Amino acid sequence: MHVLIVEDDRAIAENIYDYLEAAGHQCDYAMTLAAARRQLATQTFDVLVLDRNLPDGDGAMLARSLRADGEIVPILMLTARDTLEDKLLGFDAGADDYLAKPFALQELAARLQVLARRSQVKPAGPDAFTCGALRYDATAQQVWFDGRLLSLPPKALRLLTGLMPHPGRLFSRRELELLVWGHEQEASDNLRSVLLTLRKALAGSGVEIENVHGLGYKLVIA
């Protein structure tokens, strides 16, 4: 696992670095948003540990810009800001997980490994990609599981293909409604109906849609 640690507190960064390297992982370190952007532009990382309070800005700014550029690297936001509002802002910016300081290094490592496993999206040609055991053919507008075509109505297909490139990322109800209909829905039952259809179709595939109570939904690879 190749990890980029973006943290301006040198002691915290060194503790994370040393612990992860001792566990056999490769680490790089950035102290500012600017330094992190330079490393992200030249290297590929399996997961990003991102502090909120950095000398040149809020780490959420980097998360938001990465997601806007289509970057799917999993992001664990690491910060002393632990209120519900702060967590919601972090998830809205594109974070996949949130760990408040102080924290246990063992828990941090475990969370990073989960995020890295969930980010199993591999290109399968110019018009296809995979997510776990699922394969999406963009040309045919079809999703396959172990050679079997999943029979999905259009709304469920739009929802699944919007989620597949971002396993582990938390999506709000509003974001999912925009994926399916292009605009927000007055009734939440509309989205629930599409989710129910999709969950039934995905049964046994090893790919699930998880409900994070009060926050939204995410696609996970079991």
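Might you check whether a residue that is touching a His at 6+ places or on another chain (Cβ under 7 Å) and touching a residue at least 24 places away in the same chain (Cβ under 8 Å) occurs anywhere in region 68-84? Among the residues of region 68-84, at least one is touching a His at 6+ places or on another chain (Cβ under 7 Å) and touching a residue at least 24 places away in the same chain (Cβ under 8 Å), which makes the answer yes. Out of L159, L152, one residue alone is buried (at least 17 other Cβ atoms within 10 Å of the Cβ), more than 20 Å from R111 (Cβ to Cβ) and more than 22 Å from the chain's Cα centre (by Cα). It is L152. Quick one: in region 20-62, which of the residues that are among the β-branched types (V, I, T) and part of a strand (DSSP E or B) is surrounded by the fewest Cβ atoms within 10 Å (Cβ to Cβ)? By that ranking, first place goes to V47. Contact map, region 156-181: residues that are without any contact (Cβ under 8 Å) to a residue 12 or more places away in the chain and more than 16 Å from A203 (Cα to Cα) paired with residues that are among the aromatic types (F, W, Y) and surrounded by 19 or more Cβ atoms within 10 Å (Cβ to Cβ), Cβ distance under 9 Å, separation 6+ or inter-chain. No pairs are found.
A count restricted to region 134-187 and to residues that are closer than 16 Å to L219 by Cα, at pLDDT 85 or above and either in contact with a Gly (Cβ under 7 Å, 6 or more places away or on another chain) or not in a helix (DSSP H, G or I) (or both) stands at 15.
Of all residues in region 63-77, those that are of a type outside the set (A, V, I, L, M, F, W, C) and part of a helix (DSSP H, G or I) total 3. Of the residues screened, A95 is not one that is touching a Leu at 6+ places or on another chain (Cβ under 8 Å), among the aliphatic types (A, V, I, L, M), more than 12 Å from L4 (Cβ to Cβ) and part of a helix (DSSP H, G or I).
All of G57, G90 fail the test of being at positive phi, outside the structural domain of R174 (by TED's automatic domain parsing), in contact with a helix residue (DSSP H, G or I) (Cβ under 7 Å, 6 or more places away or on another chain) and free of Cβ contacts under 8 Å to residues at least 60 places away in the same chain, apart from G57.
The values are calculated or read from the model by the stated rules, or taken from the named source; none is laboratory data. Owing to the predicted nature of the structure, the values given are computational and were not obtained by experimental measurement. Backbone-built Cβ (ideal geometry, glycine too); neighbour counts: all protein chains shown.
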